[in-house]
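A.B. asks: Got a structure for you, questions after.
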Amino acid sequence: MVIDMNEAQVRSVEQVRQVLAGTQELQFRAAQDDEGRYGWIEAVLRRLGYRELNRADKGAV
């Protein structure tokens, strides 16, 4: 079974680090098709300003 997370509450790199450390709870839902997954990834990267992040922050994301 494939799942993807509903990370709508994650709005910053610091919150990403909290998720990775296990200190912030996430909800999971069933994955969409490939197009939906790629759209979700793009939206997350844009929201977090991935292109402007430094190397360490990109690694966390």
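A.B. asks: Pairs please, first residue from the range 32-44 and more than 17 Å from Lys58 (Cβ to Cβ), second anywhere and open to solvent by 70 Å² or more (accessible area, probe 1.4 Å) and assigned to a helix (DSSP H, G or I), Cβ atoms under 7 Å, 6+ apart in sequence or on different chains.
C.D. replies: Hits for this filter: zero, empty list.
A.B. asks: Filter the helices (runs of 4 or more DSSP H) completely within the chain down to those with at least 2 residues that are open to solvent by less than 50 Å² (accessible area, probe 1.4 Å), at pLDDT 75 or above and not β-branched (Val, Ile, Thr).
C.D. replies: The qualifying helices (runs of 4 or more DSSP H) are 34-47, 55-60.
The values are calculated or read from the model by the stated rules, or taken from the named source; none is laboratory data. For clarity, every value in this text was computed on a predicted model and none was experimentally measured. When we count neighbours, we look across all protein chains shown, and the Cβ atoms used for this are built from the backbone with ideal geometry, even at glycine. In case anyone asks, the SASA skips ligands and DNA or RNA and just uses the protein heavy atoms, side chains included. Shrake-Rupley method; radii C 1.70, N 1.55, O 1.52, S 1.80 Å.
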